[in-house]
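Scroll down for the structure; my scribbles are underneath it.
The values are calculated or read from the model by the stated rules, or taken from the named source; none is laboratory data. Quantities reported herein were computed from a predicted structural model and do not represent experimental measurements. Cβ placement follows ideal geometry from the backbone for every residue including glycine, while neighbour counts extend to all protein chains displayed.
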Amino acid sequence: YFAAGEAAGLDRLRGLAARIASPEHWDRLAIRRMVDDLYSGQRALTAEALGTLGTAPPAANRHDGAKAVAAWAEARAEHLTRARNFLNELERGGELSIAKLTLANSQIQQLAAR
């Protein structure tokens with residue numbers, strides 16, 4: 001789970017989202033919802049990565065999971081690079097805003113849906 005999040009840059013993105021300050025109640029709810037969506041995307045990416053294990057023996061462990069994520073990340077390198085580059089571009093554009101977070105969330109959801 002954590003390795004998949006790191007591969008997609010989700011921890012970094014959630015950290016940036018936590019720094020968005022808004023006095024508006026609805027904006028704060030929107031931010032919270034997008035952060036929840038990012039966690040959901042991370043679960044989906046993790047499930048996809050673990051799916052590469054196939055029918056792993058019941059004794060599969062954290063090391064097996066990390067190897068599965070590494071193999072998954074290698075197979076999805078182009079998509080992951082695109083997502084990370086998009087996040088880098090958002091960061092270079094100044095402070096993260098709700099609009100930028102919305103776009104980043106969409107990028108992660110697309111990655112999880114592939």
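Could you tell me whether any residue of the range 38-55 is of a type outside the set (Val, Ile, Thr) and in contact with a Gly (Cβ under 6 Å, 6 or more places away or on another chain)? First the steps, then the outcome.
Taking the range 38-55 as the starting set, the residues that turn out to be of a type outside the set (Val, Ile, Thr) are 38-45, 47-51, 53-54.
After this cut, where a residue has to be in contact with a Gly (Cβ under 6 Å, 6 or more places away or on another chain) as well, the list is 42.
Yes.
Just give me the residues in the range 65-86 being among the small types (Gly, Ala, Ser) and in contact (Cβ under 8 Å) with a residue 24 or more places away in the chain, in sequence order.
Here is the first cut: in the range 65-86, the residues among the small types (Gly, Ala, Ser) are 65-66, 68, 70-71, 73, 75, 77, 83.
Correct list: Gly65, Ala66, Ala70, Ala73, Ala83.
Just give me the residues in the range 9-56 being touching a residue at least 24 places away in the same chain (Cβ under 8 Å) and over 21 Å from Ala77 (Cα atoms), in sequence order.
Arg14, Leu16, Ala17, Arg19, Ile20, Ser22, Asp27, Ala30, Ile31, Met34, Asp37
Of the conditions (1) under 17 Å from the mean Cα position of the chain (by Cα); (2) more than 20 Å from Phe2 (Cα to Cα); (3) modelled with pLDDT under 90; (4) surrounded by fewer than 14 Cβ atoms within 10 Å (Cβ to Cβ), Glu91 satisfies every one except a single condition; which number is it?
Of (1) under 17 Å from the mean Cα position of the chain (by Cα); (2) more than 20 Å from Phe2 (Cα to Cα); (3) modelled with pLDDT under 90; (4) surrounded by fewer than 14 Cβ atoms within 10 Å (Cβ to Cβ), only one is false for Glu91: (4).
If the requirement is being of a type outside the set (Phe, Trp, Tyr), farther than 25 Å from Gly93 by Cβ, at pLDDT 90 or above and surrounded by 13 or more Cβ atoms within 10 Å (Cβ to Cβ), which of these qualifies: Ala71, Ala60? So that I can check it myself, show each step before the final result.
Values: Ala60 fails: at pLDDT 90 or above.
Ala71 is the lone residue from the list that is of a type outside the set (Phe, Trp, Tyr), farther than 25 Å from Gly93 by Cβ, at pLDDT 90 or above and surrounded by 13 or more Cβ atoms within 10 Å (Cβ to Cβ).
Which members of the range 1-49 meet the condition of being among the charged types (D, E, K, R), in a helix (DSSP H, G or I) and farther than 26 Å from Gly65 by Cα?
Here is the first cut: in the range 1-49, the residues among the charged types (D, E, K, R) are 6, 11-12, 14, 19, 24, 27-28, 32-33, 36-37, 43, 48.
Next cut, in a helix (DSSP H, G or I) only: 6, 11-12, 14, 27-28, 32-33, 36-37, 43, 48.
Asp27, Arg28, Arg32, Arg33 - these are the residues of the range 1-49 that are among the charged types (D, E, K, R), in a helix (DSSP H, G or I) and farther than 26 Å from Gly65 by Cα.
Six or more apart or on different chains, Cβ atoms under 8 Å: show the pairs whose first residue is in the range 87-106 and touching a residue at least 24 places away in the same chain (Cβ under 8 Å) and whose second is among the polar types (S, T, N, Q).
Leu87/Gln107; Ile98/Ser22
Among (1) surrounded by 19 or more Cβ atoms within 10 Å (Cβ to Cβ); (2) assigned to a helix (DSSP H, G or I), there is one condition Leu96 misses while meeting the rest; what is its number?
(2) is the only condition that Leu96 fails.
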